[in-house]
Amino acid sequence: MALSDSKPAARHLFSRPMARGAKNKLGDGRPWHSNRTKMGRFNRTASRTEARELKRLLHPDRLEAPPRPRCNKTATASKKRAAGRTWVCRQPELLAAAASPAVPVLWSRQLRRSQESFTNEKPFPTRKFDPFLEQLPKVSSLNHTWHGGCDHCDTCAVVGASGSLLNREHGELIDAHAVVFRPNWIRPHFNGVNYERHVGKRTHVNLFFGVEGMIDQFERAQLALPPASRAVGLVTPASDRSVASFFRHMFRIRRNQTRMQAGGVLKPQVYLMSDHIYLHGLSHLCGATGGGCNWLGDRSSTMRPSTGFLAVVLALQICRKVSLFGLSSDPCRPFHYYGPAKPSCTPEIPKENDERVHWFEKEHELYDVWSRQGKLTQYS
């Protein structure tokens, strides 16, 4: 037999199909190469096990990810979304933030030197901050950001924008706190209506999602106030869109710095929240949703703490006593205290405020848990 005639026979040694009705050694009708596939899977599994054991020996201080939870999902799309969420909840950076009793507040030069990656929904190398390094704060604490700023504050109020604020006149009580955090819009006056008796008038830290509209609105509002009464802006870091807006803001500040100095304009301070606060908040949501298995009826693969929830997590980090206002829902009040009235009492969230990535009801459940544990006090 010629050499060329022997090649096809050799090629079919493991892949030639068996005759109909024939059985291999495993007793099924699959071709012989199925045995090789099974052995390959066994070897790969054994290799992964050995790799995990070796990593545990080389890095005994590193937190090991817990086993992935088994999510009881039937639909393929639900399985994929749940798999994405459970993968996020098992990341080492998130586990480290959850285990840490105290985490840094601001993204700073100090963190840039100690971290190679900024961890949010789309992690990126921290070297991207290098062009703006001198504009970042030296350290990650809040005590230098405003007059009377503190790292270990006494009393803190976190004031949301829920319509439940209209049920009480807590304005003076809110203003009596040493530090007042307000997520998103600051609107004690809106459309000619004065809400100060319900929401107060003092603000020390304003947290917001970093789109240009929010940053610009914050700056315009603060420039209308005397420097001693201005709040500090804090951009939340969860989304790459939010961080990109912060980069553009830093670029505009650097470009216009000479002109502002010549005109004697003192720009309001805007900082980026550290990714540690975001991870700490996300870890609480992972723990409350079975490791990411159960999230908003599987409408989204993304779990994102709301700005109000991050404000509460931040306050619990740096404050001795935390009070919550306007972070609970009232079915008979507007979704926002400055918004239009509901036509009827309903717990449903209006479509324009219903976001797939936030789960406000789950966050409210966590507030209730922390209230029972004595970590905070809920007023409205």
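Sorting the segments 169-181, 230-242, 304-316, 191-203 by their mean number of nearby beta carbons within 10 angstrom, highest to lowest, gives 304-316, 230-242, 169-181, 191-203.
Cross-link check: pairs 128/362; 79/122; 80/342 evaluated at a Cα-Cα cut-off of 28 Å; pairs beyond the cut-off: 128/362; 80/342. The Rg/Rh ratio of the stretch 292-357, with Rg taken over Cα atoms and Rh as the Kirkwood radius over Cα pairs, comes to 1.02.
Based on Cβ point charges of +1 for Lys and Arg and -1 for Asp and Glu, what charge dipole magnitude is obtained for the stretch 141-211 about its Cα centre, in debye rounded to the nearest 20?
I would put it at about 240 debye.
The relative contact order of the stretch 78-214 comes to 16 percent, based on Cα pairs under 8 Å that sit 6 or more residues apart. Rounded, prolate or oblate: pick one for the stretch 270-380, where a ≥ b ≥ c are the square roots of the eigenvalues of its C-alpha gyration tensor, a/c under 1.5 means rounded, and failing that, prolate if a/b is larger than b/c, else oblate. In terms of gyration-tensor shape, oblate.
Note on the stretch 110-229: Cα convex hull, mean projected area over all directions, 9.5 nm². In this rough spin-label picture, where each label sits 7 Å from Cα along the Cβ direction, the residue 155-residue 175 distance is 1.4 nm.
Here the extension length gained between residue 70 and residue 217 equals 48.5 nm, from 0.36 nm per residue of separation less the Cα-Cα distance. What does the net charge come to around residue 209 if you take all other residues with beta carbon closer than 10 Å to its beta carbon, with K and R at +1 and D and E at -1? In short, +2. Charge dipole of the stretch 225-380 (Cα centre as origin; +1 on each Lys and Arg Cβ, -1 on each Asp and Glu Cβ, all else neutral): 880 debye, rounded to the nearest 20.
What ranking do 292-303, 323-334, 271-282 get when scored by the average of other Cβ atoms within 10 Å per residue, highest first?
Numbers: 292-303: 18.4, 323-334: 20.2, 271-282: 25.0.
Final packing ranking: 271-282, 323-334, 292-303.
Across the options 103, 142, 87, the greatest Cα extent toward the positive end of the charge dipole of the stretch 67-159 (unit charges at beta carbon of Lys, Arg, Asp, Glu) belongs to 87. Give the calculated FRET efficiency between residue 369 and residue 80 to the nearest 0.05, with a Förster radius of 30 Å applied to their Cβ-Cβ distance. With R0 = 30 Å, the Cβ-Cβ based efficiency is 0.50. Placing unit charges on the Cβ atoms only, positive for Lys and Arg and negative for Asp and Glu, gives the stretch 197-287 a dipole magnitude near 420 debye about its Cα centre. Length gained on full extension, residue 93 to residue 109, computed as 0.36 nm times the residue gap minus the Cα-Cα distance: 3.8 nm.
Every read-out reported here was derived from the displayed coordinates using simple, explicitly stated rules and does not represent laboratory data. None of the values given here were measured: they were computed from a predicted structure. With ideal geometry, Cβ positions are generated from the backbone for all residues, glycine too; neighbour counts draw on all protein chains shown.
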